[in-house]
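Below is one structure, written out as structure tokens, with a few remarks after it.
Every read-out reported here was derived from the displayed coordinates using simple, explicitly stated rules and does not represent laboratory data. Keep in mind that this is a model prediction, so the values were computed, not measured. All Cβ positions, glycine included, derive from the backbone under ideal geometry; neighbour counts span all protein chains shown.
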Amino acid sequence: MSISLTFALMDAPYESSRTVTALRLIDIAARRGYDLKIFAYEGAVALAYKDQAAHANIVHKHDIEEENHPLPHKWIESLHETAVQHKGSIEWVNCDICGDERGIDNYVECTRGGTHVDFWQFVSSTDNTLVIGTTTT
Amino acid sequence: MKVLSIISTPWRATLEEQDDTIIWLMHAIADVGAEVDVILYGDAAGYGAKGLDARGLTFGQTSQSNPPDINRDLINFLKRGRKVFICEKSLSHLGIHKDSVLPGLELVSKDKLVQLFDRYDKVWHW
Amino acid sequence: MSNYMLILSCGPSEGRFHRAEEMARMLRNQGHETTLFLVQNATLAARPSPAGKPLQDLTSQGISVLADEFSLKERGILPAQMAHEISPASLDLVVDALAAGHKVLWE
């Protein structure tokens, strides 16, 4: 039986290095074919926001193509594909009320909205959970 | 108006942003005429070490093609004629030897920090 | 006795850094297998330094202190420049610990 893990994320995109470390952990687990449950809470709901857009960088003197600015929602889609390729899965839930507060509801299709009930079901049904809290005070 | 920017929160989302947003902002305002210098303080003294290498980040099939290069961005800031100071005490606290520091950065001892601040009209702590 | 892994991501100048060190010591004193895994700015403590000394001291109490290879490289810290008490490690070890059912806490 495949190993299953839950990750709880809290930090918004472009705010904390925890986001990239969290996604690196998810990448490792996805390549192992694990079944992964992600609960994006508070600012982390914006990670899956589909309207994130790349931009040029005037300081780097890069146009939009050269800069190839990272978009977390693209990373999430890529992680989802990797999990499927390795016969695992990623179920990614964005906290609905957190999205409501922030006016965010346009998520990439490989994620969905949900509630604290999803979080508890994830924790209860998986082998282990890592909570990645926020440093923002 | 002369401004000194204290940077003390390094590597905050630099992989997502592909640079340090404060160093980026100092470059950008220097471009439009700001007389702004920078001091690396606390953990940010780590930016002064040579050989920072953020290459190799990959998520699924997506690899980062343009990773942050903080050393480059600091050297380019110096090339604008701006100054980058670095707190000597912060360096020694992190075990970074002076010979590992990027050329052109100016070391400032902790007891000279206030005198440095006094040379500027504004001091910003990011 | 349980297996604990504490992930420490904040730099030596931040308050959480010392709380994690204290928690690792408390867990070990209760007889738990304890690993402190440094990521992001916490790896700034990997050089022999006053900042890293408290972490280096933990190893004498039987606590393993590991540092994420990517975070080290990102900060220009080569393995040869590290304190010998701290070992470079792949982030895979964190996933291994989770898969093995260890208690993994992010400080």
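Worth pointing out:
- Within a Gaussian network of chain A (alpha carbon springs, distance under 10 Å), most fluctuating of A:Asp63, A:Asp27, A:Asp100: A:Asp63
- Near-label residues of the range A:41-70 by backbone N, under 18 Å of a point 7 Å along Cα→Cβ of A:Val123: A:41-45
- Restricting attention to the protein assembly as shown, close to 10% of DSSP beta bridges with both partner residues there are antiparallel.
- Overall size of the range A:4-132 from C-alpha positions, given as principal axis extents largest first: 49, 34, 24 Å.
- FRET E, pair B:Glu106, A:Asp63, Förster distance 35 Å, beta-carbon r, rounded to 0.05: 0.55
- Pairs of Cα atoms in the range C:26-107 fall into 5 Å distance bins, from 0 up to the last occupied one, in shares of 3, 16, 26, 25, 19, 9, 3, 0 percent.
- Among the trypsin sites (Lys or Arg not before Pro) found in the range A:51-101, those both in a DSSP coil and sparsely packed, with 14 or fewer other Cβ atoms within 10 Å of their Cβ, are A:Lys61, A:Lys87.
- The range A:1-106 - share of DSSP beta bridges that are antiparallel (%, nearest 5): 10
- For the protein assembly as shown, the square roots a ≥ b ≥ c of the C-alpha gyration tensor eigenvalues yield an a/c of 1.5 or more together with a/b not exceeding b/c, which makes the shape oblate.
- Rounded to 10°, Cα long-axis angle of helix A:72-85 versus longest principal axis of chain A: 40
- Estimated FRET transfer efficiency when R0 is 35 angstrom, pair C:Lys53-B:Lys50 (beta carbons, to 0.05): 0.90
- The protein assembly as shown - Cys residues lacking any other Cys C-beta under 4.7 Å: A:Cys110, B:Cys87, C:Cys10
- Spin-label model distance (nm) - A:Arg102 vs A:His55, 7 Å beyond Cα toward Cβ: 1.7
- From its DSSP helices (H runs of at least four residues, each -39,500 (n - 2.57)), chain C gives a residue-normalised ellipticity at 222 nm of -9000 deg cm²/dmol.
- Helical runs (DSSP H, four residues minimum) scored at -39500 (n - 2.57) apiece and divided by the length of chain A put the mean residue ellipticity at 222 nm at -10500 deg cm²/dmol.
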